[in-house]
Amino acid sequence: MDQIPVGEGRAFAVGDEQVAVFRPRGGGLHALQAVCPHRGGPLADGLIDAAQVVCPLHNHAFRLSDGRCTTGERSVQAYQVAVEDGEVVLRLTR
Amino acid sequence: MQELVVVGNGMAGARAVEEILTRGGGETFRITMFGDEPHGNYNRILLSELLARGADPDGQLLEEDLFLNPWEWYRENGITLHAGVRVVRVDRFAHRVYADDGSIVRYDKLVLATGSRSFFPPTEGLWADNKTLTPGVFGFRTLHDTMAMMRYARGKQRAAVIGGGLLGLEAARGLQAHGLAAHVVHAAEGLMNQQLDAQAGRVLRRSLERLGITVHTGTRTTAIRRTTDGAVSGVTFTDGTTLDVDMVVVTAGIRPNIGLAMVSGLETQRGIVVDDQLRSVDDDDIYAVGECVQHRGEVYGLVAPLWEQATVLADHITGADPQAAYHGSRLATKLKVAGVDVAAMGLKEPERPDDEFVQFSEPGRGIYQTVIIRDGMLVGATLLGDISKVASLTQAFDRRVPLPEERIRLLFDLGAPTAEVGAAELADEAQVCNCNGVSKGQLVACVRDGQRTVGGVMGATRAGKGCGSCKGLVADIVEAALGGDLETDPAEAYYVPCIPMDKPTLMTEIRQRGLRSSSAVFAELAQDGAEHAGSKMALSSLLRTMWGEQYIDERDGRFINDRVHANIQRDGTFSVVPQIAGGVTTPAQLRRIAEVAERYNIPLLKLTGGQRIDLLGVRKEDLPRVWADLDMPSGHAYGKSFRTVKTCVGSDFCRFGLGDSTQLGIDIEQRYKGLESPAKMKLAVSGCPRNCAESYVKDVGIVAVEGGRWEIYVGGAAGATVRKGDLLATVDSRDEAVTLTGRFMQYYRENAKWLERSYDFVPRIGLTELRAIVVEDRDGIAGRLDEAMQDSVDAYYDPWQEHRHPATPGQFRDALPLVQLPKVPIR
Ligand SMILES: Cc1cc2nc3c(=O)[nH]c(=O)nc-3n(C[C@H](O)[C@H](O)[C@H](O)COP(=O)(O)OP(=O)(O)OC[C@H]3O[C@@H](n4cnc5c(N)ncnc54)[C@H](O)[C@@H]3O)c2cc1C
Ligand code: HEM
Ligand code: SF4
Ligand code: FES
C-alpha cells in the first residue's frame, strides 16, 4: 500500500496482466487494466478523482468502479481489489 | 569583335548585359556602359527599405544587399563602365554616342536603358531655379534622393508626401521611421488608385491611419511655401488651406527618360517605341529595355517586365534565339510597407458585363479581397490585410491555370475548413477536427442524440480538444445543427468545469478563504464538494501562481508531465530537454548530452524549434539517472509554463545586430524559467528587425531596434494558429524589456483562462486595454504585478533535483511494466 501515493495510481505486473491500482484522495482503492484501449496509453499515469481516471495521452476517461469509458472508447477491465494488513490484494478472476 | 554600348546602368541595362553574358555574348561583344548615377547598378526597389531602416548607423553594411553589380563585376566581365557620365546624343548614321564628359564611343549595337525619373507636377515654389529643387523638396527615385532625404530628415518634425501611390506610401512610412509625422496628399479619392478600386482604397486608408499616417485625398498641392531663406516651410492645398511641413517628397508618378531617343530621331510616344524583339521601330541596331520602353502601347513601372524583356533582348541580340519575342507582361505588385499588406495583380475592377467578380470585405480588420475572372481565367486580384493567398493567386494569374469551380476557394482554404466557411456548406464527411478525426456528420449526430451545448458536443466527440484550432467551426456546426435551439452553457465561462465561477471570482474566493491546496478548493467551492480529475491541473497551476512558496503542493493534482518533469510520448516514454538558456550551449554540455544519449540508448536526439536539444524516448525509470548524469537544470519543455527563449546571435556576432539579443534572451530565460501559466509561453529575442529568432510570432517576442531600444510584441503564434504579435511597447533599455515582459506575463497568468494562449488572450483583452494596464499603468496595478512576479521568481526551484529524493513513492515507476519500452522507433 505504501507504494501508491494518495490521489495517484501505480501499475503492477500480476502474472501476465498489467494492473493499475488507484488510491483516490477520498479513500478506497480501485484496480483497472493498465493499458488504455484507445492507443495503449498508461492509465496509471492519469489524473484521477473519486470516480474516474483520465488517460494522459488523449484524455479518454474511465470509471474507477467498473472500467466503463465515459468518453466513447471501449471499456477497460476492472478488478476486485482490497487491502489486507497494509498489502494490496488483487483478484484476477473475471 | 563588335562594339556593344549600353546607355543606362540601372536595373534593366545591367540585367540585359548579364543575360547577354550568360549567352556567350562576351565572345561577340566588347561592352561599354554609360550610367548617369555615380555607382554600379543597385537594386532600386530596396531604396524603400533603406529609407525605412534609415536610422541604422550600420546601414553601410547593407551595401552588398543593395548593390546588384559591384565594381568588380564590371572588371571581371571586361565591361568598360563610365559611371557618372551622361549620354547626350546618338548619331545613328555614324553609329556613335556622345557623352557629357566629351567622350565619343562607336557602336555596332546600342541598347537604351534609360529608365524613368520622378515626375514633378507644376507647382508654385517647387523649384529654386531651372535645375534645382527648393531645399527640402525631394523626388524618390535614386540612391542620391534617398540619402539626401535621410540627411535632411534629421531633426525635422513633419513631411508632406505628394502622391499616394505605391512609392508615396512607402516614402511616408519610411519618413516615419526617421521620427517625422507623415502626411500623404493624394489628388484622387482612392489611395493607390492605379492598382486598387475605391473600396480597397478606403480600407487601405484606414490601415495607414492606424499606423499614424495622415491621409488627405481628393486634394492637390498648389504651392510650396518657403521660409525667407528659401527652404520648405509648408504646402498650400487646392482649397487654400495650408499645412506646415519641414520637407516635401514628390511621388506623383514617373516619366520615362525618352529625351535622348527623341533628339536622336527615334520614334517616341510615352516611351521609346519598340517591336517584339525590343528594337526601336526605326533602327535595327538600337534596342531599348526597361521602363523607358513602350511596347504594344504599354509602358511599365515595375521590374518584372524588364526581366522578361532582358531575356528576349539577349536571345535576339546574341542570336541565341532569333525567334525570341516579347508579348508583354502581366503585372503584380506588392506594397512594401511594414504593417500593411497589399498585393494587387491585373485588373482592379471588372470591365465587361460577364466578368465574374468575387469580393470579400471586412473593413474592421482592414481586410478586403477581390478576384476577377474572365472566361475561366484569373485576370485580376486585390488582397488587402491578408495576403496569405498571394502565392497561389499569382500562379493562377501568371500561368493562366484553370480555376476551381467554387471561386471562393481562390481566397480561402476550404480543404482545412476555417470558421469563416459557412458551416452549413460542409459535406457530412468533411473532417472538422483534424487532431481527433471528427467529421461534421459525427457532430451533427451528437446533437441529434441529445447534446444541447457546444461544450457537451465537444466533450462527447472530443472535437476541438486537440490543438483547438477548429473550435470556432465546431461551434458553428453545433449551432447550425441545433437550429436556434442552442442552450448557452454557463460553464463555458468557468475557469474549471466543476466550480461555477469565472477566473477573477474564483481567485477572490480562494484568496479570501486562504485556500492553498487543490483539495481545499474542491472541498469548499466545487458544486458537490468532490474533486474532479479534469479540473486538477488548471487549479494546481492557478494556486501555484497565486501563492508561490505558500502553495501546498499535492502531487496528485499534477498532470503526469509535471509529476515526472518530462513530456510523455505516445508509447509512455518521455522526452527530456535540459536547460540551454537562449539556445546557447557549450562543448562540455554537448559532450555530456552525447554521453547520456549513448549510455541510456536514447532513441532520438532532436533539435527543437525552440533551439533546444530533445532526448526522446527515455524510459520513466531512467529519468532520475538521466538528469543526474546530464547535471543540467530542467529545460521545462513539458508543462503549461514558460518554455523557451529563442535568440539570434545579435550584435555580438551578426553584422546586422542592433542589440545583444543573445544575452537578453538568456537573462529573461534565467529569470522566468519554468513559471507556470495558463498555457505555454514561448519567447524570442531578435537582434534586429530581420527577426531571425522569429520574435513576431511568439507569445512574447522582443526585437532590437535602432538606438538601443527594444520592441516588445505579444500574442504572436506560429503553431496551429498563425498570428503576428502586436507591438505592446518600445522600451529604451534591456532592464525595461525584462520588467515589461514579466509584467505582461504576470497579467496574463492572472487573467487568461485555462489553456488560453496569448494569441487568444491578447485580442480578447484588446491591445489598447493591455497597453493601458501593463505599460501606462492606468489602473495602478503595475507595481503589484511586478511584485507578484518577483514572488513567483523567488519560489522557483529546479525540479530535476528530485532525482536525489523522489517526491512520492514510485514516482518514476514504470506504468506499463510488461511493455518493452521504448516502442517509438530508434534512430
Ligand atoms: C523607391 C522605389 C521602390 C520601388 N519598388 C518597386 C517594387 O517594389 N516592385 C517593382 O516591381 N518595382 C519597384 N520600383 C520600380 C523599379 O525600381 C523600376 O521598375 C526599375 O528600377 C526600372 O529599371 P530601369 O533600368 O528601366 O530604370 P532605372 O533603374 O531607373 O535605370 C535607368 C538608369 O539609366 C540612367 N540614365 C538615364 N538616362 C541616361 C543617359 N542619358 N545617360 C546615362 N545614363 C542614363 C539613370 O541614371 C538610371 O541609373 C521601385 C522604384 C523605386 C524608386
Ligand atoms: C546600403 C546602404 C547605403 C549606401 C549604399 C549608401 C550610399 C551612399 C552614397 C553613395 C552617398 C553619397 C551620395 C549622395 O548623397 O548622393 C551617401 C551619403 C550619405 N549617407 Fe549613405 N548609404 C547607405 C546607408 C546609409 C545610412 C543607413 C545612413 C544613415 C542614416 C546614411 C547616411 C548618409 C549620409 C548622412 C550621407 C551624406 C554624406 C554627406 O553628404 O556628407 N547612409 N550614402
Ligand atoms: S535578427 Fe539577429 S541574427 Fe538576424 S539579422 Fe538581426 S541581429 Fe542578425
Ligand atoms: S491512449 Fe488513452 S486516450 Fe488515447
Rounded to the nearest 5, the percent of DSSP beta bridges in the protein assembly as shown running antiparallel is 70
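Mind ranking B:748-760, A:37-49, B:17-29 by how tightly packed they are, going by the mean number of other C-beta atoms within 10 angstrom, highest first? Don't jump to the answer; show the numbers that get you there.
Details: B:748-760: 20.5, A:37-49: 24.2, B:17-29: 19.0.
Ranked by mean Cβ neighbours within 10 Å, highest first: A:37-49, B:748-760, B:17-29.
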Enumerate the aspartates and glutamates that B:Lys646 could reach by cross-link, defined here as Cα to Cα under 12 Å, with residues fewer than 8 away along the same chain left out.
-> B:Asp667, B:Glu669, B:Glu694, B:Asp699
Ranked on Cβ counts within 10 Å of their own Cβ, fewest leading, B:Lys440, B:Lys606 go B:Lys606, B:Lys440
Starting from the amide H of B:Val6, placed 1.01 Å from N in the peptide plane, find each other amide H under 5 Å away whose residue is 5 or more places distant or on another chain.
-> B:Thr32, B:Met33, B:Phe34, B:Val111
Quick one: Karplus J couplings for the range B:453-461, per residue in order, coefficients 6.51, -1.76, 1.60, θ = phi - 60°, nearest Hz, x for Gly and Pro?
-> 10, 4, x, x, 5, 5, x, 6, 9
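Would you tell me the mean number of C-beta atoms belonging to other protein chains that fall within 10 Å of each C-beta in A:7-15, as a whole number?
Per-residue shielding by partner chains comes out at 6.
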Can you bin the range B:301-363 into rounded, prolate or oblate? Criterion: square roots of the alpha carbon gyration tensor eigenvalues sorted a ≥ b ≥ c, rounded for a/c under 1.5, prolate for a/b above b/c, oblate for the rest.
-> oblate
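Listed highest first by mean packing, meaning other Cβ atoms within 10 Å per residue, what order do B:661-669, B:798-806, B:554-562 come in?
Values: B:661-669: 24.2, B:798-806: 15.6, B:554-562: 21.6.
Going from most to least packed, we get B:661-669, B:554-562, B:798-806.
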Relative contact order (%) - chain B, alpha-carbon pairs under 8 angstrom, separation at least six = 7
Ranked output for segments A:59-70, B:237-248 by mean other Cβ atoms within 10 Å, highest leading, reads A:59-70, B:237-248
In terms of the alpha carbon gyration tensor, root eigenvalues a ≥ b ≥ c, rounded if a/c is under 1.5 and otherwise prolate when a/b exceeds b/c or oblate, chain B is prolate
Alpha carbon centroid spacing (whole Å) that separates the range A:1-38 from the range B:583-661 | 34
Residues whose built amide H sits under 5 Å from the amide H of B:Val215, excluding neighbours closer than 5 in sequence, are B:Val184
Rounded to whole Hz and in sequence order, give me ³J(HN,Hα) for the range B:602-614 from the Karplus expression 6.51 cos²θ - 1.76 cosθ + 1.60, θ = phi - 60°, writing x for Gly and Pro.
-> 4, x, 8, 10, 9, 7, 8, x, x, 6, 10, 10, 9
Would you mind checking the radius of gyration and Dmax of the range B:106-223 based on alpha-carbon positions, in Å?
-> 16.4, 56
Built amide H within the under 5 Å cut-off of B:Leu515, gap 5+ | none
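Just to confirm a number: summing +1 for Lys and Arg and -1 for Asp and Glu over residues other than B:Ile781 whose beta-carbon lies under 11 angstrom from that of B:Ile781, what do you get?
Details: positive: B:Arg743, B:Arg778, B:Arg784; negative: B:Glu750, B:Asp777, B:Asp779, B:Asp786, B:Glu787.
Once positives and negatives cancel, what remains is -2.
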Evaluate peptide B:15-21: per residue, the Cβ atoms of other protein chains within 10 Å of its Cβ; return the mean as an integer.
-> 0
With axes computed from alpha carbons, what is the tilt in degrees of helix B:166-177 against the longest principal axis of chain B, rounded to the nearest 10 within 0 to 90?
-> 60
Please name whichever of B:Ala223, B:Pro404, B:Leu211 sits farthest to the positive end of the charge dipole of the protein assembly as shown, dipole taken about the Cα centre and charges placed at Cβ: Lys and Arg +1, Asp and Glu -1.
-> B:Leu211
So in the range B:120-252, what percent of DSSP beta bridges are antiparallel if you round to the nearest 5?
-> 35
Cα gyration tensor category, rounded, prolate or oblate, for the range B:40-180 with a/c compared to 1.5 | oblate
Could you give the angle, 0 to 90 degrees to the nearest 10, between helix B:198-210's Cα long axis and the longest principal axis of the Cα atoms of chain B?
-> 60
For chain B, find the longest principal axis of its Cα atoms and tell me its angle to the long axis of helix B:782-794, 0 to 90°, nearest 10.
-> 60
Inter-site label distance for B:Ala772 and B:Asp354 at 7 Å from Cα along Cβ, in nm | 5.6
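Once you've got the Cα coordinates, tell me which of B:Lys503/B:Lys536; B:Lys606/B:Lys724; B:Lys640/B:Lys682; B:Lys348/B:Lys389 are over 19 Å apart. If you can, show how the numbers build up before the last one.
Values: B:Lys503/B:Lys536 15 Å; B:Lys606/B:Lys724 27 Å; B:Lys640/B:Lys682 11 Å; B:Lys348/B:Lys389 17 Å.
From B:Lys503/B:Lys536; B:Lys606/B:Lys724; B:Lys640/B:Lys682; B:Lys348/B:Lys389, over 19 Å: B:Lys606/B:Lys724.
Counting each DSSP H run of 4 or more residues in chain B as -39500 (n - 2.57), what helix-only mean residue ellipticity at 222 nm follows after dividing by all residues, to the nearest 500 deg cm²/dmol? Write down the numbers at each step before the final one.
Details: 26 runs with 247 residues, N = 827.
Counting only the DSSP helices, I get -8500 deg cm²/dmol.
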By DSSP, what percent of the beta bridges with both residues in chain B are antiparallel, rounded to the nearest 5?
-> 60
Rounded to whole angstrom, the alpha-carbon centroid of the range B:325-396 lies from that of the range B:802-827 at a distance of 56
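Within the range B:64-147, list the chymotrypsin sites (Phe, Trp or Tyr not before Pro) lying in a DSSP loop whose Cβ has at most 12 other Cβ atoms in a 10 Å radius. Don't jump to the answer; show the numbers that get you there.
On the way: sites: B:Phe67, B:Trp71, B:Trp73, B:Tyr74, B:Phe93, B:Tyr98, B:Tyr107, B:Phe119, B:Trp127, B:Phe138, B:Phe140; in loops: B:Phe93, B:Tyr107, B:Phe119, B:Phe140.
Hits after loop and neighbour filter: B:Phe93.
Since every read-out is calculated from the coordinates, none of them should be taken as a lab result. Bear in mind the structure is a predicted one, so any value in this text is a computation, not a measurement. All Cβ positions, even for glycine, are placed from backbone atoms using ideal geometry, and neighbour counts span all protein chains on display.
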